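Accompanying notes for the structure given below.
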Amino acid sequence: MRAAVLRRGRFVVDEVAEPEPGPGQVLAESLATGICGSDLSAARHTADFLAASRDSGTESFLFDPDADLVMGHELCARVLGPGEWEGQVVVGLPWALDGAGTLRTIGYSNAFPGGFGERLVLQEAALVPVPASVEPRVAALTEPLAVGFGNVARADPAPGSGALVLGAGPIGLGATAALLERGVAPVVVSEPAQKRRSLAGRFGAHVVVDPGERDPFDAWREASSAGQELTVYECSGRPGMLNTVLHRAPRSTRVLLIGACMTEDVFRPVVGIYKDITVTMCMAYPPEEFAATLRRIAEGTVDAAALITAEVGFDDVDAAFAMLAEPEEHVKVLVRP
């Protein structure tokens with residue numbers, strides 16, 4: 001089959017082996033797949049990406065960097081068969097079990113190609129049907145938005161509390177929408193890119209700031225009530241951000257690290273200790289939030305289509321990765337066969 005293949009740090013279009021479904025799996029054709037920030041990290045910082053997987057004992061993100069890799073886990077696809085799912089347009093949690101029963105992440109496994117190829121294998125247990133009213137290109141936004149919604153659900157912010165969201169990419173925007181849905185106020189969003197700041201306002205943020213012009217913690221203090229509980233959702237993954245949060249956050253703040261910093265980072269733990277700050281590093285979230293996020297998209301309570309800033313074919317995947325280095329211009333770029 002035809003695919004955009006990561007080979008020696010660049011994406012090239014080539015023919016690769018057709019994937020074959022195993023027990024409990026289906027073969028599907030890719031319809032639309034988002035380029036994720038994790039994809040950028042895996043392509044640009046491959047050694048760090050794999051070292052983090054090995055050091056944490058997380059086999060689901062391990063792959064052979066010297067072999068071809070077909071990425072793409074933010075996907076919408078049509079099932080080709082076999083079984084009852086045949087013909088159904090689906091999204092799904094991007095995992096599959098290999099022959100040894102090890103969970104692998106689709107798009108980060110040499111054995112399980114992702115949506116940057118024409119066809120892929122999906123685990124039946126992870127599938128969610130897409131309503132006919134939702135375009136596949138929009139349904140592909142389910143996964144990144146679900147990360148934001150899911151981690152807000154995981155934090156379960158208390159009534160009357162407020163939030164500061166650092167980074168207004170798709171995950172930060174999902175978190176913003178989730179916080180508004182739960183009645184959290186004020187919700188302050190910090191984002192350097194104008195296009196993303198505009199989307200944060202569109203998604204309901206009460207205050208949106210450019211951190212280059214205004215300290216987001218000053219904005220929080222001005223918008224909040226005295227003594228109001230704060231949760232910080234760090235969605236940028238920028239090096240140094242945790243240290244900044246520890247120094248600037250009020251006492252007893254909760255911090256969720258959702259955006260992944262792929263390089264080594266430095267922070268001063270004692271500052272957070274003295275301030276009784278709680279830090280949670282986030283990977284898993286309640287799986288039911290995945291289907292719930294698709295339902296929000298279908299019902300129109302989340303404007304997922306607003307995040308799509310470009311769509312490319314396989315031939316332009318390499319250029320698209322370069323495009324996403326310009327956050328002023330792009331939020332979510334889709335790959336469509």
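Please compute the per residue accessible area over the range 62-122 with all protein chains in place, 1.4 Å probe, rounded to a whole number of Å². Present the calculation step by step, with values, prior to reporting the outcome.
Numbers: 2260 Å² over 61 residues.
Solvent-accessible surface per residue comes out at 37 Å².
Note that the range 144-274 presents 41 Å² accessible area per residue, ligands and nucleic acids not counted, probe 1.4 Å. A cut-off under 10 angstrom between Cβ atoms defines the neighbours of Asp66, and their net charge, with Lys, Arg +1 and Asp, Glu -1, is 0.
With an 8 Å cut-off on Cα pairs and a minimum separation of 6 or more residues, tell me the relative contact order of the range 170-280 in percent. List each step's numbers first, then the result.
Working: 158 pairs, mean separation 23.0, N = 111.
21 percent.
The long axis of helix 288-299 is offset from the longest Cα principal axis of the chain by roughly 90 degrees. Ligands, DNA and RNA left out, the 1.4 Å accessible surface of the range 198-337 is 50% carbon and sulfur atoms. Backbone amide hydrogens, once placed in the peptide plane, bring Ile106 within less than 5 Å of Trp95, Ala96, excluding anything fewer than 5 places away on its chain. Mean sequence separation of contacting Cα pairs (under 8 Å, at least six apart), scaled by the length of the chain, corresponds to a relative contact order of 18 percent. Rolling a 1.4 Å probe over the protein chains gives Lys332 an accessible area of about 10 Å². I'd like the distance between the alpha-carbon centres of the range 54-73 and the range 289-337, rounded to an integer number of Å. Going from one Cα centre to the other spans 23 Å. Across the range 29-34, computed HN-Hα scalar couplings (Karplus, 6.51 cos²θ - 1.76 cosθ + 1.60, θ = phi - 60°) run 9, 5, 10, 7, 9, x Hz from first to last residue, x flagging Gly and Pro.
Net charge near Ala32, counting Lys/Arg +1 and Asp/Glu -1 over other residues with Cβ under 15 Å of its Cβ? Before the final figure, lay out each step's value.
Values: positive: Arg78, Arg119, Arg137, Lys332, Arg336; negative: Glu29, Asp39, Glu74, Glu118, Glu135, Glu143, Glu311, Asp316.
Charge balance in the 15 Å sphere: -3.
Relative to the first principal axis of the alpha-carbon coordinates of the chain, what is the inclination of helix 142-155, with its axis defined by its Cα atoms, in degrees from 0 to 90 and to the nearest 10? Taking the Cα atoms of the chain, the angle to 142-155 is about 40 degrees. Taking only Cα atoms, what is the 0 to 90° angle, nearest 10, from helix 170-181's long axis to the longest principal axis of the chain? Once rounded, the angle reads 60 degrees.
The values are calculated or read from the model by the stated rules, or taken from the named source; none is laboratory data. The structure displayed is predicted, hence computed values, not measured ones. Note: ideal-geometry Cβ built from the backbone for every residue, glycine included; neighbour counts use all protein chains shown. The protein model used for the area step is the full one, side chains on, heavy atoms only, and it has no ligands, DNA or RNA in it. Shrake-Rupley method; radii C 1.70, N 1.55, O 1.52, S 1.80 Å.
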